1. How many angstrom separate the Cα center of the range 114-141 from the Cα center of the range 3-79?
2. Where is the GNM fluctuation largest for the chain (alpha-carbon springs, 10 angstrom cutoff): 121, 46, 18?
3. Looking at the range 1-67 from every direction and averaging, what is the projected area of its Cα convex hull in nm²?
4. Before rounding to the nearest 500, sum -39500 (n - 2.57) across all DSSP H runs of length at least 4 in the chain and divide by the residue total; then give [θ] at 222 nm in deg cm²/dmol.
5. Please work out whether the range 16-145 counts as rounded, prolate or oblate from its C-alpha gyration tensor, where a ≥ b ≥ c are the square roots of the eigenvalues and a/c under 1.5 means rounded, while otherwise a/b larger than b/c means prolate and anything else oblate?
């Protein structure tokens, strides 16, 4: 059997998790666009999904998201230009900068959380709350074990 056929018939964990991620991103960013955030791209999630309301250092965003610091810097530049985030001095270390969400960024983060909660609730309803809780628990274990 050709490799591509095998991967379609029996996808591995990487393929399955990528499909899940891309599906969630399509839905999330589609709904966000309908809500007035059409200037965002899924790549911005590397910042917005990991950004604390009171700000986060770029090095922490890189570590949390698994992205290189240079990628994070470029994405922060884009989010600053779009009005979702700004860089401010870190009060605990004036040499360091925090990436801080603007009011628009905070609103987007709240709206994104609500959309994702609805997606999760729909999946829990489809598969049953216990099965969905087991799925998330096992997925968390897989992520932690890497």
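1. Using only Cα atoms to place each centre, the spacing works out to 19 Å.
2. The residue with the greatest mean-square fluctuation here is 18.
3. Working: hull surface 25.0 nm².
In nm², the orientation-averaged hull projection of the range 1-67 is 6.2.
4. Details: 7 runs with 95 residues, N = 146.
Computed mean residue ellipticity for the chain: -21000 deg cm²/dmol.
5. Working: a/c = 2.17, a/b = 1.56, b/c = 1.39.
Prolate.
FYI, it's all coordinate maths here, none of it is from the lab. Since we're looking at a predicted model, the values are computed, not measured.
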